[in-house]
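Working notes, beginning with the structure itself.
The values are calculated or read from the model by the stated rules, or taken from the named source; none is laboratory data. None of the values given here were measured: they were computed from a predicted structure. Cβ coordinates were reconstructed from backbone atoms using ideal geometry, including for glycine residues, and neighbour counts include every protein chain displayed. Heavy atoms of the whole protein, side chains included, go into the accessibility calculation; ligands, DNA and RNA do not. Shrake-Rupley method; radii C 1.70, N 1.55, O 1.52, S 1.80 Å.
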Amino acid sequence: MCFRETRQADCMLVAGTSALVYPAASFPQMVKQHGGVLIEANLYDTPLTPLATAPCRTIGEILPTLVEQVRAKLTA
């Protein structure tokens, strides 16, 4: 199921991961390979950082705004 959902995703938020444990670490790579947006929120660089469309060092910087934007889209 995770592979199917990943193939359909056009965006993925990755937070607090080393990006070293497979198969989960392959999901962000799959999204990016299919032209999707990858948002990475981690304290340190990971193997995903070079692939990230928007790398952030703390999730506190982006999560409130992201939640607000998603809610606005869902209620529109």
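Check MET12 against each of (1) of a type in the set (A, V, I, L, M); (2) touching a residue at least 24 places away in the same chain (Cβ under 8 Å); (3) open to solvent by 30 Å² or more (accessible area, probe 1.4 Å); (4) assigned to a helix (DSSP H, G or I) and name the one condition it does not meet.
Of everything listed in (1) of a type in the set (A, V, I, L, M); (2) touching a residue at least 24 places away in the same chain (Cβ under 8 Å); (3) open to solvent by 30 Å² or more (accessible area, probe 1.4 Å); (4) assigned to a helix (DSSP H, G or I), MET12 misses just condition (4).
Would you tally the residues in the stretch 16-42 being open to solvent by 30 Å² or more (accessible area, probe 1.4 Å) and without any contact (Cβ under 8 Å) to a residue 24 or more places away in the chain?
7
Regarding the stretch 60-71, can at least one residue be identified that is hydrophobic (A, V, I, L, M, F, W, C), over 11 Å from LEU13 (Cα atoms), open to solvent by 80 Å² or more (accessible area, probe 1.4 Å) and modelled with pLDDT under 85?
So the first thing to find is which residues in the stretch 60-71 are hydrophobic (A, V, I, L, M, F, W, C), and the list is 62-63, 66-67, 70.
Restricting the remaining residues to those that are over 11 Å from LEU13 (Cα atoms) gives 67, 70.
Next, only the ones that are open to solvent by 80 Å² or more (accessible area, probe 1.4 Å) stay: none.
Taking every residue of the stretch 60-71 in turn, none turns out to be hydrophobic (A, V, I, L, M, F, W, C), over 11 Å from LEU13 (Cα atoms), open to solvent by 80 Å² or more (accessible area, probe 1.4 Å) and modelled with pLDDT under 85.
How about the stretch 50-59: which of its residues are in a helix (DSSP H, G or I) and surrounded by 14 or more Cβ atoms within 10 Å (Cβ to Cβ)? Talk me through it step by step, then tell me what you get.
Going through the stretch 50-59, the residues in a helix (DSSP H, G or I) turn out to be 50-51, 59.
Within the stretch 50-59, LEU51, ILE59 qualify.
Is it true that some residue in the stretch 17-25 is among the hydroxyl-bearing types (Ser, Thr, Tyr) and either part of a helix (DSSP H, G or I) or on the phi > 0 side of the Ramachandran plot (or both)? Let's see the steps before the verdict.
So in the stretch 17-25, the residues among the hydroxyl-bearing types (Ser, Thr, Tyr) come out as 17-18, 22.
The next check asks that each one be either part of a helix (DSSP H, G or I) or on the phi > 0 side of the Ramachandran plot (or both); those that pass are none.
No, every residue in the stretch 17-25 fails to be among the hydroxyl-bearing types (Ser, Thr, Tyr) and either part of a helix (DSSP H, G or I) or on the phi > 0 side of the Ramachandran plot (or both).
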